[in-house]
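J.: Below is a structure I'd like to ask you about.
No lab work stands behind these numbers, since they all come straight from the coordinates. What you see is a predicted model; the values in this text were computed from it and never measured. Here the Cβ positions follow ideal geometry from the backbone for every residue, glycine too, while neighbour counts run over all protein chains shown.
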Amino acid sequence: MPEGPSIVILKESLIQFKGKQLIGVSGNSKIDQSRLADKYVLDFKSWGKHLLICFDDFTVKIHLLMFGSYTVNSEKDRAARLALTFSNGYVNFYSCSVTLLEGYVDDLYDFTSDVMNDNWDEVKALEKLKEIPDALVCDALLEQDIFAGVGNIIKNETLFRVRIHPESHVGNIPNTHLQGLITEARNYSFDFLNWRKEFVLKKHYLIYNQKVCKICNSKIVRKNTGVKNRRSFFCENCQTKY
DNA sequence: TATAATGTTTGAAC
DNA sequence: AGTTCAAACATTAT
């Protein structure tokens, strides 16, 4: 569920409730649910892995973390964390993080750092990468302040596509390749989005969870890398370590 | 069945 | 005071 493109799918599934008035709010979330009662949802937005439910003077942030889920117009056999009912249907969120943020969403988020957003700014991303030359690129890609929405699958697939070794130091990667990495992070995220919509994401994995390199047939290395210590899959032969 | 995994925050420990 | 790290949360496929 939880990488950026999946949250875009979630957002799109909620368009039917945009502009609608809440007629029911429940769930075991500890936010002040009375704030939502009878309010109109102005919009549903996403920023990276955050789903944002926008009200006039506050924003509800849903983060699915690793295992969160949701249902639209159906139930799960489990208590909902937050259940929102409208005149034309309802959405339930399960085992997720729910936070109420004061203020309107556009004053709270910088959408230029969301790889899925139309306002994604490659130049800013490059500038931010230049500020962390000592970081490993596997960590940098997971940095939500730079690449909001990129998760571990997108990280691995993007690095393989641009033939960069996950343990490369950011400062050692030539500019043209850094630029290519930034472009591909967004590019692959949209492939991810389209494949996930068609339920064919897994069969398109080139490196993630794979055993053998699809280019050179050599054994793919699986190793936890970086200070974030997340799983990386890479081909020593095809990906350059800078 | 035990394990590990698409993630992030928190607070203790150093 | 800044960093590092384990714990916590919770579900599902293998």
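J.: Counting residues in chain A as N, plug N into 2.2 N^0.38 Å and put the Cα Rg over that result.
T.: Values: Rg = 19.4 Å, N = 242, 2.2 N^0.38 = 17.7 Å.
My calculation over the Cα atoms of chain A gives 1.10.
J.: Now for a separate question. Students often forget the sequence filter, so: which aspartates and glutamates lie under 19 Å Cα-Cα from A:LYS124 once same-chain residues fewer than 8 apart are removed?
T.: Cα-Cα hits under 19 Å: A:ASP106, A:ASP107, A:ASP110, A:ASP114, A:ASP134, A:ASP139, A:GLU143, A:ASP145, A:GLU184.
J.: Whole percent per 10 Å bin, from 0 to the bin with the longest distance: what is P(r) over all C-alpha pairs of region A:113-242?
T.: Here the calculated profile for region A:113-242 is 13, 47, 33, 6.
J.: Quote the relative contact order of chain A in percent (integer), defining contacts as alpha-carbon pairs under 8 Å separated by 6+ residues. Numbers along the way, then the final one.
T.: Working: 491 pairs, mean separation 41.9, N = 242.
The value is 17 percent.
J.: Over all alpha-carbon pairs of region A:1-133, lay out the pair-distance distribution in 10 Å bins, whole %, shortest bin first.
T.: In order of increasing distance, the bins hold 12, 43, 32, 10, 4, 0 percent.
J.: Same structure again: Starting from region A:115-201, pick out the GluC sites (Glu not before Pro) whose DSSP state is loop and whose Cβ has at most 15 other Cβ atoms within 10 Å. Working shown, then result.
T.: Working: sites: A:GLU122, A:GLU127, A:GLU131, A:GLU143, A:GLU157, A:GLU167, A:GLU184, A:GLU198; in loops: A:GLU131, A:GLU143, A:GLU167, A:GLU198.
The qualifying sites are A:GLU131, A:GLU198.
J.: Amide H to amide H under 5 Å from A:TYR205: which residues, 5+ apart in sequence or cross-chain, H placed 1.01 Å off N in plane?
T.: none
J.: Return the subset of A:LYS61/A:LYS211; A:LYS76/A:LYS211; A:LYS49/A:LYS228; A:LYS128/A:LYS197 for which the Cα-Cα distance in this structure is over 26 Å, preserving the input order.
T.: Details: A:LYS61/A:LYS211 37 Å; A:LYS76/A:LYS211 35 Å; A:LYS49/A:LYS228 17 Å; A:LYS128/A:LYS197 31 Å.
Pairs exceeding 26 Å: A:LYS61/A:LYS211; A:LYS76/A:LYS211; A:LYS128/A:LYS197.
J.: Report the percentage of all Cα-Cα pairs in region A:71-160 whose separation exceeds 16 Å, rounded to a whole percent. Numbers along the way, then the final one.
T.: Working: 2736 of 4005 pairs.
Within region A:71-160, distances greater than 16 Å cover 68 percent of Cα pairs.
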